[in-house]
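The values are calculated or read from the model by the stated rules, or taken from the named source; none is laboratory data. Predicted model only: the values in this text are computed from it and were never measured. Glycine gets a Cβ as well: all are built from the backbone with ideal geometry, and neighbour counts include every protein chain shown. Only protein heavy atoms, including side chains, enter the accessible area calculation; ligands, DNA and RNA are left aside. Shrake-Rupley method; radii C 1.70, N 1.55, O 1.52, S 1.80 Å.
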Amino acid sequence: MDKQKRISGAVDDGPVSEERRRFFELCGRYGFTAAVVAAAGGVLLSPQASAQTAQEERERRDAAQVTMTLATEYRIGATRWYPLMQLNLKENIQNATNGYVYVRLAPAGQLGMGSALAQGVQSNTIQAAQHSIANFSPFAPEVDLINIPYWCGQNQEFVNLVTSDAWKSVVHPKAEERGFKVLLYLVLDPRTVAARRGLQRAPLKTPEDLRGIKFRVPASEILQQFYTLAGANPTPVAWGETPSAIQQGVADALDPAVVALYSNGFKDILSWITFNKPVPDSQVYSCNLSWFRGLPSEVQEQIDFASEITFQQNLAQVPASRAYAMAEMAEAGVQFYTPTDDELAQWVEACGAQRPEWNSIKEDLAGSLAAFDRMAEAAQERGRFYVHDV
């Protein structure tokens with residue numbers, strides 16, 4: 001996809017050439033962040049309103065003591081179907097720090113995508129970024145524990161887990177050793193089993209239906225083992241190459257959440273999506289730890305508070321984003337299947353966290369089986385946060 005189109009937010013939104021022209025005009029006059037804030041506020045075509053928005057951004061930038069570059073893969077406005085909350089986090093940090101920090105947005109892959117964003121945070125090339133937990137795991141391997149299936153796959157279980165002391169006491173110190181501070185996690189919904197159009201076996205209801213299926217997987221060894229246990233043929237494919245691989249039959253199925261499938265252009269190449277809910281399809285906002293610790297202590301606390309506000313906004317947005325993505329995909333002909341209790345039990349029996357094949361990974365990443373068991377208990381203990389489950 002053309003980079004300028006991604007950044008402008010003009011993709012798949014109909015006849016918006018005038019908005020695109022206006023966007024780049026504002027970029028030249030007021031700067032990129034001011035232009036994306038104006039676009040998100042729906043005031044691009046109002047010279048007076050966009051000028052006022054740009055003036056407010058300029059005043060905030062000039063009054064701030066520190067500028068924080070926040071990089072993401074997705075364009076402003078994507079929260080409607082993909083609850084990433086990047087504009088929310090910007091506003092919350094600026095407001096919670098009373099203007100001490102100005103957040104410069106770099107959306108739509110402007111400063112990189114995937115693991116490149118995590119690398120940029122680690123090196124302090126950028127101060128903070130949004131990326132998947134899978135792309136975070138090479139730098140903080142402990143987070144990959146969530147990819148062991150059927151122990152924290154549902155939204156509420158994941159929220160219970162990542163807000164627990166059992167998780168934070170093990171995972172966050174390890175991330176900090178590698179130069180990262182976790183600002184917040186993002187709930188997107190559980191992973192699915194999504195079948196390409198033309199696959200005769202769809203919908204894929206149970207592990208038995210995956211026998212011999214070429215299943216696209218990312219570079220996670222845990223997810224590769226998961227689909228091996230399920231009987232599929234795991235087929236590693238880079239994310240950017242996945243739509244063409246599915247379309248051409250190089251892979252038969254893949255597993256992102258519905259919102260991720262819609263956001264990345266799969267609505268016209270899939271037939272069925274099964275909600276088997278094995279693993280969270282989640283994201284994280286990470287921050288360079290040295291940069292963060294260089295801030296005054298009260299500003300650090302304010303950024304933590306802003307991150308919690310954004311986390312709660314994400315939880316509230318999840319069902320609305322899912323509903324939009326499902327409606328759009330259904331209109332394109334995609335169908336959805338919810339397994340029965342018996343069918344879900346077959347998934348758990350074949351691949352679940354109780355299987356001995358996962359013990360060495362639990363010990364390696366959690367530190368011990370007992371530490372993993374404490375996390376598993378935490379995933380079942382409802383804390384003060386609620387999120388809707390698919």
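Expressed in nm to one decimal, what extension gain is obtained for the pair Gln110 and Ser169 from 0.36 nm per residue of sequence separation less their Cα-Cα distance?
Length difference between fully extended and current span is 17.9 nm.
Quick one: putting +1 on the C-beta of Lys and Arg, -1 on the C-beta of Asp and Glu, what dipole do you get for segment 133-190 around its Cα centre, in Debye to the nearest 20?
Charge dipole of segment 133-190: 140 debye, to the nearest 20.
Pick from Ala323, Ala306, Ala194: which residue has the top mean-square fluctuation in a GNM of the chain where Cα pairs under 10 Å get a spring?
Ala323
Around Ala257, which amide H atoms from residues at least 5 apart in sequence, or from another chain, sit under 5 Å from its own amide H, with H modelled in the peptide plane?
Answer set, sorted by chain and number: Thr192.
Between Asp341 and Asn359, what is 0.36 nm times their sequence separation minus the Cα-Cα distance? Round to one decimal in nm.
Working: separation 18, 0.36 × 18 = 6.48 nm, distance 2.58 nm.
Separation in residues times 0.36 nm, less the Cα-Cα distance, equals 3.9 nm.
Could you sort Lys174, Lys181 by their accessible area in this structure, using a 1.4 Å probe and putting the largest first?
Accessible-area ranking of Lys174, Lys181, largest first: Lys174, Lys181.
Please compute the modelled spin-label separation between Ala51 and Val66, points set 7 Å along Cα→Cβ, answer in nm with one decimal.
Label-label distance for Val66 and Ala51, simple model: 3.5 nm.
So what is the 222 nm mean residue ellipticity for the chain from helices alone, if each DSSP H run of at least 4 adds -39500 (n - 2.57) and you divide by all residues, rounding to the nearest 500 deg cm²/dmol? Provide the component values of the computation, followed by the final result.
Working: 17 runs with 181 residues, N = 390.
It lands at -14000 deg cm²/dmol.
Tell me whether segment 136-260 comes out rounded, prolate or oblate; compute the Cα gyration tensor, take square roots of the eigenvalues as a ≥ b ≥ c, and use a/c under 1.5 as the rounded threshold.
Taking the square roots of the gyration eigenvalues as a ≥ b ≥ c, segment 136-260 is prolate.
Determine ³J(HN,Hα), in whole Hz, for all residues of segment 107-123 in sequence, where each value follows from phi through the Karplus function 6.51 cos²θ - 1.76 cosθ + 1.60 and θ = phi - 60°; x replaces Gly and Pro.
So the Karplus estimates, Gly and Pro as x, are x, 6, x, 4, 10, x, 9, x, 5, 5, 5, 4, 4, x, 5, 4, 8 Hz.
For Asn233, enumerate residues with amide H under 5 Å from its amide H, sequence gap 5+ or separate chain, H modeled in the peptide plane.
It is Gly212, Ile213, Lys214, Phe215, by chain and number.
Taking amide H atoms as placed 1.01 Å from N in the peptide plane, list the residues 5 or more away in sequence, or in a different chain, whose amide H sits under 5 Å from that of Ile126.
Under 5 Å from the amide H of Ile126 lie the amide H atoms of Val121, each far enough along the sequence or on another chain.
Could you tell me which residue out of Gln335, Ala378, Ile246 lies farthest along the dipole of segment 239-390 toward its positive end? Charges go on the beta carbon: Lys and Arg +1, Asp and Glu -1, centred on the Cα centre.
Result: Ala378.
If N is the number of residues in the chain, what value comes out of its Cα radius of gyration divided by 2.2 N^0.38 Å?
So the chain has a normalised radius of gyration of 0.99.
What percent do you get for the relative contact order of the chain when only Cα pairs under 8 Å and 6+ apart count?
22 percent.
Mind checking the dipole of segment 239-311: about its Cα centre, +1 per Lys or Arg Cβ, -1 per Asp or Glu Cβ, Debye to the nearest 20?
120
In sequence order, what are the phi-derived ³J(HN,Hα) couplings for segment 232-244 according to the Karplus relation 6.51 cos²θ - 1.76 cosθ + 1.60 with θ = phi - 60°, rounded to whole Hz, with x for glycine and proline?
7, 9, x, 10, x, 9, 4, 4, x, 9, 5, x, 5
Would you work out which of Ser115, Gly179, Val162 lies farthest towards the positive end of the dipole of segment 94-207? Charges go on Cβ: Lys and Arg +1, Asp and Glu -1.
Ser115
Expressed as a rounded percentage, what relative contact order does segment 79-213 have, with Cα pairs under 8 Å and six or more residues apart?
17
At 0.36 nm per residue, minus the direct Cα-Cα distance, what do Ala219 and Asn233 gain on full extension? Give it in nm, one decimal, please.
Between Ala219 and Asn233, full extension yields 3.6 nm more.
Step through the residues of segment 84-94 one at a time and calculate ³J(HN,Hα) from phi using the Karplus curve (6.51 cos²θ - 1.76 cosθ + 1.60, θ = phi - 60°), rounding each to whole Hz and writing x for Gly and Pro.
After applying 6.51 cos²θ - 1.76 cosθ + 1.60, I find 8, 6, 5, 5, 4, 5, 4, 4, 5, 5, 4 Hz.
Which shape class, rounded, prolate or oblate, goes with segment 47-175 when its Cα gyration tensor gives a ≥ b ≥ c as root eigenvalues, a/c under 1.5 marks rounded, and past that a/b bigger than b/c marks prolate?
In terms of gyration-tensor shape, prolate.
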